[in-house]
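Read the figures in this text as sums done on the coordinates, not as results from a lab. Not measured: the values here are computed from a predicted model. Neighbour counts run over all protein chains shown; Cβ positions are idealised from the backbone, glycine included.
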Amino acid sequence: MSEETDKIIQNKEAVLLPLLSSMEELKNTFINETVTFAADWYGKTAKKYITKFPETTLSLSEEIIATMKTEVNKLIRETEKTVKTELDDPKLWWHQQPDFQTAIDQYIQVADKYPEIIDRAVRHALGSLGVILEEFSFHVTANGNASSFQEFWFDHPVGNEYAVKPYYPHLLKWSNEMEDTLEYYDSKFVEALALFKEIHELKEEKKRQRALTRWDSI
């Protein structure tokens, strides 16, 4: 019985391993697609706020506007670093920390409603622009000050209600590439989770059989 169970476990693990490798590739693809998306988004959104609050823009000297543009361009150049800081986190990706108790709908998308675990990380990366908008008085706060601003571009990290992190709070539409890649990741996740649960149960059954055998042998 034990040898047969070992063989079944081995076969299932052989199927699971390439699934996990595929999920790692999809994670990296998603991160790269988010870098492309965010770099374009930073520039477009900065321009949107320049025209959204024209009185603020017109009150700034040319020197200050040039400084703001320099900071936005710096943010764009460092998009890869900013995005990877948020998204290259093992806690976000099931395949890096497999757990048989994870909810099966963790990565599901419904229209423009994205899985919170990934959407939140994307919004944290985009929220970096809010720091610049706040610095130049564009009616945004990204540092947790909720007294005299119109838009709150921050949230509190899970598990630490006293910490503050920049966060984009408005409606957000990912790129088609990001949506497709995460949808594919979800399909692999569902398959891998089922296999992982089967393997876990087989190992638990093996332990139960060993315990019973030891009891009966004494």
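Output the number of residues of region 191-201 satisfying the condition of being surrounded by 15 or more Cβ atoms within 10 Å (Cβ to Cβ) and either under 16 Å from the mean Cα position of the chain (by Cα) or among the aliphatic types (A, V, I, L, M) (or both).
Of the residues in region 191-201, 4 are surrounded by 15 or more Cβ atoms within 10 Å (Cβ to Cβ) and either under 16 Å from the mean Cα position of the chain (by Cα) or among the aliphatic types (A, V, I, L, M) (or both).
Among the candidates Lys47, Lys74, single out the residue that is closer than 19 Å to His170 by Cβ and in a helix (DSSP H, G or I).
Lys47
Among the candidates Ala39, Ala14, single out the residue that is touching a helix residue (DSSP H, G or I) at 6+ places or on another chain (Cβ under 6 Å), in a helix (DSSP H, G or I) and not β-branched (Val, Ile, Thr).
Ala39
Please work out which residue is surrounded by the most Cβ atoms within 10 Å (Cβ to Cβ), limiting yourself to region 27-57 and to residues that are within 18 Å of the chain's Cα centre (by Cα) and of a type in the set (Gly, Ala, Ser).
Ala38
Within region 113-132, which residues are assigned to a helix (DSSP H, G or I), under 14 Å from the mean Cα position of the chain (by Cα) and touching a residue at least 24 places away in the same chain (Cβ under 8 Å)?
Ile117, Ile118, Asp119, Arg120, Ala121, Val122, Arg123, His124, Ala125, Leu126, listed by residue number.
Considering every residue within region 87-99, establish whether at least one is charged (D, E, K, R), in a helix (DSSP H, G or I) and surrounded by 20 or more Cβ atoms within 10 Å (Cβ to Cβ).
Scanning region 87-99 turns up no residue that is charged (D, E, K, R), in a helix (DSSP H, G or I) and surrounded by 20 or more Cβ atoms within 10 Å (Cβ to Cβ).
Step by step: first the residues of region 101-112, then only those that are among the β-branched types (Val, Ile, Thr) and assigned to a loop (DSSP other than H, G, I, E, B), then the one that is surrounded by the fewest Cβ atoms within 10 Å (Cβ to Cβ). Which residue is that?
Filtering region 101-112 for residues that are among the β-branched types (Val, Ile, Thr) and assigned to a loop (DSSP other than H, G, I, E, B), the one surrounded by the fewest Cβ atoms within 10 Å (Cβ to Cβ) comes out as Ile104.
So, in region 168-218, how many residues would count as being in contact with a helix residue (DSSP H, G or I) (Cβ under 8 Å, 6 or more places away or on another chain), under 27 Å from Thr29 (Cβ atoms) and in a helix (DSSP H, G or I)?
14
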